[in-house]
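Undergrad: Take this structure, written in structure tokens, and hold onto it; I'll ask about it next.
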Amino acid sequence: MESQLKIAPAETARPTWEEEKLLREKKVALPLEKLVQDSFHKMEEREKALKEVLPLMEKDERNTKDRISMLGGDTINECFCNNVEV
């Protein structure tokens, strides 16, 4: 019985096959999880930047369209003033 008691702690001290498998999976999963978290954080930053830039781009587009229409009107006025057919 004494020999059995001495052997038992040694067997429980060694990780089982399942524990070793879980440790290996954990070693792989942790870096992957960090990579996913980093990618998600970058995606959130890009989304925030787009939300800030998009209204500016839309305003710029409206201004450009207004300028084009004004230039078109000026061209037509110049043609009429100079008796040129449009």
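Every number in this text was worked out from the coordinates using simple rules, so none of it is lab data. Keep in mind it's a predicted model, so treat the numbers as computed, not measured. Quick reminder, even Gly has a Cβ in these numbers, built from the backbone with ideal geometry, and neighbours come from all protein chains shown.
Undergrad: How much net charge surrounds Pro55 when only the other residues with a Cβ under 11 Å from the Cβ of Pro55 are counted, with Lys and Arg +1 and Asp and Glu -1?
TA: Numbers: positive: Lys51, Lys59, Arg62; negative: Glu52, Glu58, Asp60, Glu61.
That sum, taken over residues with Cβ under 11 Å, equals -1.
Undergrad: How charged is the neighbourhood of Glu18? Take every other residue with its Cβ under 13 Å from the Cβ of Glu18, and add Lys/Arg as +1 and Asp/Glu as -1.
TA: Details: positive: Arg14, Lys21, Arg24, Lys26; negative: Glu19, Glu20, Glu25.
Local net charge: +1.
Undergrad: How charged is the neighbourhood of His41? Take every other residue with its Cβ under 15 Å from the Cβ of His41, and add Lys/Arg as +1 and Asp/Glu as -1.
TA: Numbers: positive: Lys34, Lys42, Arg46, Lys48; negative: Glu33, Asp38, Glu44, Glu45, Glu47.
That sum, taken over residues with Cβ under 15 Å, equals -1.
Undergrad: Which of the lysines could a cross-linker span from Lys51 if the Cα-Cα distance has to be under 19 Å and same-chain partners fewer than 8 positions apart are dropped?
TA: List returned: Lys42, Lys59.
Undergrad: Further question: With labels modelled as points extended 7 Å from the Cα through the Cβ direction, what inter-label distance (nm, one decimal) is found for Leu71 paired with Glu47?
TA: 3.8
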